[in-house]
1. Please go through the range 223-267 and pick out each residue that is closer than 19 Å to Pro149 by Cβ, assigned to a helix (DSSP H, G or I) and acidic (Asp, Glu).
2. Pick from Ala148, Ala144, Ala140: which is open to solvent by less than 10 Å² (accessible area, probe 1.4 Å), within 19 Å of Tyr256 (Cβ to Cβ) and not in a loop (DSSP other than H, G, I, E, B)?
3. Tally time: how many residues in the range 70-88 are farther than 29 Å from Asn257 by Cβ, modelled with pLDDT under 90 and assigned to a loop (DSSP other than H, G, I, E, B)?
4. Go through the range 262-289 and give me each residue that's crowded, with 23+ Cβ neighbours inside 10 Å and in contact with a Leu (Cβ under 8 Å, 6 or more places away or on another chain).
5. Just a yes or no: is a residue in the range 93-100 over 20 Å from the mean Cα position of the chain (by Cα) and acidic (Asp, Glu)?
6. Just name the residue that is nearest to the chain's Cα centre (by Cα) out of those in the range 58-81 that are farther than 20 Å from Glu191 by Cα and open to solvent by less than 30 Å² (accessible area, probe 1.4 Å).
7. What's the number of the only condition in (1) touching an Asp or Glu at 6+ places or on another chain (Cβ under 8 Å); (2) under 22 Å from Ala224 (Cβ atoms); (3) without any contact (Cβ under 8 Å) to a residue 40 or more places away in the chain that Ala182 fails to meet?
8. Can you tell me which of Ala210, Ala220, Ala215 is outside any loop (DSSP other than H, G, I, E, B), of a type in the set (A, V, I, L, M), at pLDDT 95 or above and surrounded by fewer than 19 Cβ atoms within 10 Å (Cβ to Cβ)?
Amino acid sequence: MRQLVREHELNPRDLIQPLFVVHGRKVEREIAAMPGVFHLSVDEALDREVDRLEALGIPGVILFGLPAAKDEVGSENFASDGIVQQALRRLRARHPDLLLFTDVCCCEYTSHGHCGILRDGSVDNDATLAILGRVAVTHAEAGADILAPSGMMDGMVAAIRAALDQAGFSDRAILSYAVKYASAFYGPFREAADSAPAFGDRRQYQMDPANVREALLEAALDEAQGADMLMVKPALAYLDVVRAVRERTSLPLLAYNVSGEYSMVKAAARQGWIDECGVVLEALLGMRRAGADAIITYHAKDVATWLGGGSRG
């Protein structure tokens, strides 16, 4: 009876697994701050991981790349042979039905670690938009299905949509990190992606954790610019925001269960203080209950395993 009247559920098809791709050969290096998450080279190491994910019923991955070298504008970010572009081509050929999301931002690629082009020590929003358009087009050319701009630049969705359409990729979707807070929960990711800012912080362009009405404005602006999906990031401390955005839009809504949320659970579980499976399933169910249609989470592989690989019966 309890199952019959259940209002929300988790399924592997609701989950997207982030992957960190790196240069080199046969690299499968665990990230210290994120146990169970690895840097993967674009060869057999990436193949094995994605084969496992697809077998578990996980429908897609979102790619983050670590470049061979960094510069002021993040040149590898929009290079046709950049690390993400290489990964996209390999995955597209091997997994034709897998949804390929890509993070469209600058922070992993720039020498200063900020999410855009700098002018006089601050991010130049409009100069950054041109870069994001170039990145999105190279990702689409390499096989990306869904482009996910994460830098919180004003006008980023419109700029990327225009660049994609002009290049002949009107069929590619945009998942906007529409509501992204300047959060302390990103610490482990910055180790994983080597993306910590060299100076200052990202409060110039990421949102104040105190604000909800601003989140609704940001989501509405991105929807008006042509976003196909919206995201709230982080998730656990912002379930009220997920609910508020859900009530204002009919677009698909994703929650990002971020690195700090993941690593805290892993650390406590390793100490024997919590039941990892129970806590993770409860937390992700809370995101679905708040209104998220899908969840980007580093727990995806474990959750799909616990749920039986996606079978509903």
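1. Once the filter is applied, which keeps residues that are closer than 19 Å to Pro149 by Cβ, assigned to a helix (DSSP H, G or I) and acidic (Asp, Glu), the range 223-267 yields only Glu223.
2. Values: Ala144 fails: not in a loop (DSSP other than H, G, I, E, B); Ala140 fails: within 19 Å of Tyr256 (Cβ to Cβ).
Within the list Ala148, Ala144, Ala140, the selection yields Ala148.
3. Looking only at that region, the number is 2.
4. Listed by number, the residues that qualify are Leu284, Met287.
5. Scanning the range 93-100 turns up no residue that is over 20 Å from the mean Cα position of the chain (by Cα) and acidic (Asp, Glu).
6. Only one residue tops the list, namely Gly60.
7. So Ala182 meets the others, but not (2).
8. On the way: Ala210 fails: outside any loop (DSSP other than H, G, I, E, B); Ala215 fails: surrounded by fewer than 19 Cβ atoms within 10 Å (Cβ to Cβ).
So the residue among Ala210, Ala220, Ala215 that is outside any loop (DSSP other than H, G, I, E, B), of a type in the set (A, V, I, L, M), at pLDDT 95 or above and surrounded by fewer than 19 Cβ atoms within 10 Å (Cβ to Cβ) is Ala220.
The values are calculated or read from the model by the stated rules, or taken from the named source; none is laboratory data. Since this is a predicted model, take the numbers as computed values, not measurements. Neighbour counts are summed over all protein chains in view; Cβ atoms, including those assigned to glycine, are modelled from backbone coordinates with ideal geometry. Protein only, heavy atoms only, side chains kept; ligands, DNA and RNA dropped before computing areas. Shrake-Rupley method; radii C 1.70, N 1.55, O 1.52, S 1.80 Å.
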